[in-house]
Amino acid sequence: MIPLIASLLKPGAYDHPVGRIELIETHISWVVLTGEFVYKIKKPVNLGFADFSTLEKRRHFCAEEVRLNQRFAPDIYIGVVAITGSPAAPRLASDQGDDKNRGEVIEYAVRMRQFPSSAQLDRMLDRNELEGRHLDAFARVIADFHQRVSVAGADHRYGDPVAVLKPAEENFPDLRRYLPDPASIERILALEGWTRAEFVKLRNEFMRRKQSGFVRECHGDLHLRNLAWVDDAPLVFDCLEFNPELRWIDVMSEVGFLVMDLQARGQAGLASRFLNQYLERTGDYAGLSVLPFYLVYRALVRVKVDGIRALQSGVDAQEKDGAGRTCRSYLALAWRYTQREKPRLIVTRGVSASGKTTVSDSLVDALGAIRIRSDVERKRLAGLSAESDARAALNQGLYDTAGSHATYARLLDLARQVLAAGFTVIVDAAFLQAGQRQAFQALAAERGIAYTIIEVSAPEAVLRERIVSRARGASDANLAVLEHQLKSWQPLTADESVYALRMDTSAESSLGKLMASLR
């Protein structure tokens, strides 16, 4: 341990009361926890993608870290602190620019308000406390952040196809150095070939994504250790400050990092939950076309990060072995992303309050599927949020004939996009008319994939009770709508029945039977 960091582990270095002092070390920083405050010091390293090799660079990037993270957590990121004195006897003071009275500066640190490390999502997951509601909240926070953050203009190189490929290609020489065994080298070479081939296939799509405004100044390092649940609310922190090219990225690269991190930890259901909530809020289903590319890239970034740490001085044998195992695990995950199964098309069918959305919620988690909801897309077409009240008389407003035709056309177009990207899709809609369903059956036949109709029902008395008692959400259905649907309900055609799975949502065992049938 270098003398300065050793000295900062002693209470006398601080001008405020301290509790238990702890040190966390990463490949690019030391983080000192003192009880009330946290001090983050950047290592004097130049790793190519991150250059902290001079004191002035470290000061600059400390200031950048505060500026950028205050977008998410203004109450956590306080400012930059100058460290004066000597490595053996350091003193911390607020950074006062040209203040000559503070003494010679030997280092800089980011000063943050401390919150319990147990609140980090990776720690919550370790304790089996991370739930779908947490990921829902983070999906909303990230989606809303992406909607308001700066967009890369045409005059910026950020997000250009060359800028997309460059960091992905730069990973591979390092990966071969960190994992030199023959089996790993063979897999790395295969992933390198896949990355280049996929880039060629998606080159025009990457350009369209930028032209459509999806390249933005993101967080850049969105994984579980940089998210926390504090005071019963989501907290995002520790964004990537040291390289704008790795921060000005497609929002799908950002989303892909957290999806990948959850899947790497065996949480495919939570990953799917987060991804679906994000897509439902933003409507960016077209972004799924580039998501597999970014999932592979993000998994290989984790190989690189753990490989760098394993080769740094001061890492004991146990930590080195653990980093090696983690590297191989992420490498295996990256390979699995390239081996995609054939998707399937699932549509729901049922009257209001029958339980379609509840059922599709469970299927999203279990199948890793992408869900598209008519209640949400109908309002999006009208420029309304999902929570907006769009209730109207029967066959009026958003629910007139033209509105319904436009909604189902939108659902069909989105389903086509999701399937083309290689993801199973669940279309959550009433699908009361045969003509509405036929277009989706034709789409499945056109793509040569499995097609399923999940017919959801419940006793009429239960339906009426649910309509009256349920909380406001994306659905605008009321009792009048339900009564109309019940009167106009028609059974599936004989041709359709072969694709149907039926479920009574008032029966407790129905969901388990449905899942068994789908599998």
> Which members of segment 91-110 meet the condition of being modelled with pLDDT under 95 and not aliphatic (A, V, I, L, M)?
Replying inline: 91, 94, 95, 96, 97, 98, 99, 100, 101, 102, 103, 104
>> When you scan segment 336-344, do you find a residue that is in contact with a strand residue (DSSP E or B) (Cβ under 6 Å, 6 or more places away or on another chain) and in contact (Cβ under 8 Å) with a residue 24 or more places away in the chain, even just one?
In response: yes
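Looking at 121, 55, 47, can you tell me which residue is in contact with a helix residue (DSSP H, G or I) (Cβ under 9 Å, 6 or more places away or on another chain) and at pLDDT 95 or above?
Within the list 121, 55, 47, the selection yields 121.
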> How about segment 413-436: which of its residues are assigned to a helix (DSSP H, G or I) and within 17 Å of residue 360 (Cβ to Cβ)?
Replying inline: 414, 415, 418, 419, 436
>> Are there helices (runs of 4 or more DSSP H) fully within segment 166-280 with at least 1 residues that are under 25 Å from residue 373 (Cα atoms)? List them.
In response: 182-211, 251-264
> Is one or more of the residues making up segment 205-218 among the aliphatic types (A, V, I, L, M), at pLDDT 95 or above and touching a helix residue (DSSP H, G or I) at 6+ places or on another chain (Cβ under 7 Å)?
Replying inline: yes
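Based on what the data block shows, is residue 333 out of contact with any Leu (no Cβ under 7 Å at 6 or more places or on another chain), in a helix (DSSP H, G or I) and at pLDDT 85 or above?
Yes.
Residue-by-condition table, conditions (1) closer than 30 Å to residue 205 by Cβ; (2) more than 31 Å from the chain's Cα centre (by Cα); (3) surrounded by fewer than 22 Cβ atoms within 10 Å (Cβ to Cβ):
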residue	(1), (2), (3)
403	no, yes, yes
406	yes, no, yes
409	yes, no, yes
413	yes, no, yes
416	yes, no, yes
421	yes, no, yes
434	no, yes, yes
442	yes, yes, yes
448	yes, no, yes
> Out of (1) touching a strand residue (DSSP E or B) at 6+ places or on another chain (Cβ under 8 Å); (2) crowded, with 23+ Cβ neighbours inside 10 Å; (3) within 30 Å of residue 47 (Cβ to Cβ), the odd one out for residue 247 is which?
Replying inline: (2)
>> I want to confirm something. Restricting to segment 2-19 and keeping residues that are of a type outside the set (D, E, K, R) and in a loop (DSSP other than H, G, I, E, B), which single residue is surrounded by the most Cβ atoms within 10 Å (Cβ to Cβ)?
In response: 8
>> If the requirement is being farther than 26 Å from residue 179 by Cβ and touching an Asp or Glu at 6+ places or on another chain (Cβ under 8 Å), which of these qualifies: 326, 348, 282?
In response: 348
> Can you name the number of the only condition in (1) in contact with a Ser or Thr (Cβ under 8 Å, 6 or more places away or on another chain); (2) surrounded by 13 or more Cβ atoms within 10 Å (Cβ to Cβ) that residue 459 fails?
Replying inline: (2)
> Counting only residues that are in contact with a strand residue (DSSP E or B) (Cβ under 9 Å, 6 or more places away or on another chain) and assigned to a helix (DSSP H, G or I), which one in segment 437-481 is nearest to residue 358 (Cα to Cα)?
Replying inline: 463
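The values are calculated or read from the model by the stated rules, or taken from the named source; none is laboratory data. If you're wondering where the values come from, they're calculated on a predicted model, not measured in any experiment. So basically every Cβ, Gly included, is an ideal-geometry build from the backbone, and we count neighbours across all protein chains shown.
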